[in-house]
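Heads up, the thing below is written out as structure tokens.
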């Protein structure tokens, strides 16, 4: 079963943008913030003059990497900056493989540091689906289960 089909079966497809849902919302949660590894080996020299803090980065799962089974590239457009550190990339690699939407940004860029130092950091956010105050209020009402609206199948006001 595909992830979207699973969410549809649960009635949560509305939380992923298919339909508006007053009971759930998405919030970005920072799950990672550390330095990019391997800057001197890839396209950093081309990107160095234009790169700045806050720039959007893309994460690419590299499953056929012979040195790291959980390799995650950090790119700007199609140019590779480097990788998430091998000792920290397992969860991020698994999330990418499962289709979890991750967004990444440059969180630190020290233009004065040498290429072998910690020069560029990446912060990664995942969307967390949470209950809205409207759902919490509805769940806290003293109603019988048969009388309560079925929020998972869209039975709400």
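The values are calculated or read from the model by the stated rules, or taken from the named source; none is laboratory data. Remember, it's a predicted structure, so these values are computed and weren't measured experimentally. Don't worry about glycine lacking a Cβ; one is built from the backbone with ideal geometry, like all the others, and counts go over all protein chains shown.
Annotations for the structure displayed:
- Residue 111 falls short on exactly one of the conditions (1) assigned to a loop (DSSP other than H, G, I, E, B); (2) modelled with pLDDT under 80, and that condition is (2).
- Within the stretch 55-90, being in a strand (DSSP E or B), in contact with a helix residue (DSSP H, G or I) (Cβ under 9 Å, 6 or more places away or on another chain), under 10 Å from residue 124 (Cβ atoms) and touching a residue at least 40 places away in the same chain (Cβ under 8 Å) holds for one residue alone: 59.
- Verdict on residue 29 being modelled with pLDDT of 95 or more, under 29 Å from residue 129 (Cβ atoms) and assigned to a strand (DSSP E or B): no
- Residue in the stretch 127-143 that is outside any helix (DSSP H, G or I), touching a helix residue (DSSP H, G or I) at 6+ places or on another chain (Cβ under 6 Å) and modelled with pLDDT of 85 or more present: no
- The conditions of being part of a loop (DSSP other than H, G, I, E, B) and surrounded by 14 or more Cβ atoms within 10 Å (Cβ to Cβ) are not met by residue 93.
- Selection of the stretch 107-120 for residues being surrounded by 12 or more Cβ atoms within 10 Å (Cβ to Cβ) and either closer than 16 Å to residue 45 by Cα or without any contact (Cβ under 8 Å) to a residue 40 or more places away in the chain (or both) yields 109, 110, 113, 115, 118, 119, 120.
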